[in-house]
1. Report, by residue number, each residue of region 117-130 that is surrounded by fewer than 20 Cβ atoms within 10 Å (Cβ to Cβ) and among the small types (Gly, Ala, Ser).
2. Got at least one residue in region 56-63 being at negative phi and assigned to a strand (DSSP E or B)?
3. Tally time: how many residues in region 33-50 are closer than 17 Å to PRO112 by Cβ and of a type in the set (A, V, I, L, M)?
4. Could you please let me know if LEU96 is of a type outside the set (D, E, K, R) and in a strand (DSSP E or B)?
5. Give the residue that is surrounded by the fewest Cβ atoms within 10 Å (Cβ to Cβ), with candidates limited to residues of region 60-88 that are modelled with pLDDT of 75 or more and polar (S, T, N, Q).
6. Give region 36-55 a look and list any residue that's over 13 Å from VAL81 (Cα atoms) and either basic (Lys, Arg) or in a loop (DSSP other than H, G, I, E, B) (or both), or say none.
7. Which is of a type outside the set (Ser, Thr, Tyr), in contact with a Cys (Cβ under 6 Å, 6 or more places away or on another chain) and over 21 Å from ALA30 (Cα atoms), of VAL70, VAL133?
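The values are calculated or read from the model by the stated rules, or taken from the named source; none is laboratory data. In this text the structure is predicted, and so the values were computed from the model without any measurement. Ideal geometry is used to build each Cβ from the backbone, glycine not excepted, and the neighbour counts take in all protein chains shown.
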Amino acid sequence: MYPELRKPGTRGDLMRAAVLGVEELERRLAEEFPEAFHAGSGLAIVDVWHGGARVRQDDRKNSTRPGGTVSGPVLMQLADVTMYVAILASIGWVPLAVTTNLTINFLKKPPPGVLIGECRLMKVGKRLAVGEVGIRADGETDLVAHATSTYSLPSRP
């Protein structure tokens, strides 16, 4: 994942395909969570693969805080959504997966504009998934935030 935004497997690594693709995930998320996934939310899934995802957060007027930077809650939402998308892409449609922990470090003030979150799942077990998310301003290489997260997974057949 670091230092460049790239999909795993680009250097000859073996890579498993995502269980759910971008279009299906966006459709299902819009149906299940219309309050969060709608045209005005600015969220878009850029790419998914088994064990990871890349999500884009477009600039929104209400996401800038005093001082001309993107607010912390917007960064936390992007981290959480990116983790959730990575899990669903890797294990399939399990909408009852829930965040049990999210820790975020704000590393640099992001300028208003497009943000990219990239998740790498470190472990997906029967009951828990653990991952990390790096967030960058679009086109930049330095992280503006880094999050680690754990999700509780419901029983699956």
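1. GLY125
2. Yes, region 56-63 contains at least one residue that is at negative phi and assigned to a strand (DSSP E or B).
3. Number satisfying all stated conditions: 1.
4. So LEU96 fails the test.
5. This residue is SER71.
6. HIS38, HIS50, GLY51
7. Exactly one residue qualifies, and that residue is VAL133.
Yes/no matrix, rows are residues, columns are (1) surrounded by fewer than 16 Cβ atoms within 10 Å (Cβ to Cβ); (2) touching a residue at least 12 places away in the same chain (Cβ under 8 Å); (3) among the hydrophobic types (A, V, I, L, M, F, W, C):
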| residue | (1), (2), (3) |
| --- | --- |
| THR100 | yes, yes, no |
| ILE104 | no, yes, yes |
| LYS109 | yes, yes, no |
| LEU115 | no, yes, yes |
| GLU132 | no, yes, no |
| ILE135 | no, yes, yes |
| LEU143 | no, yes, yes |
| THR148 | no, yes, no |
| SER152 | yes, yes, no |
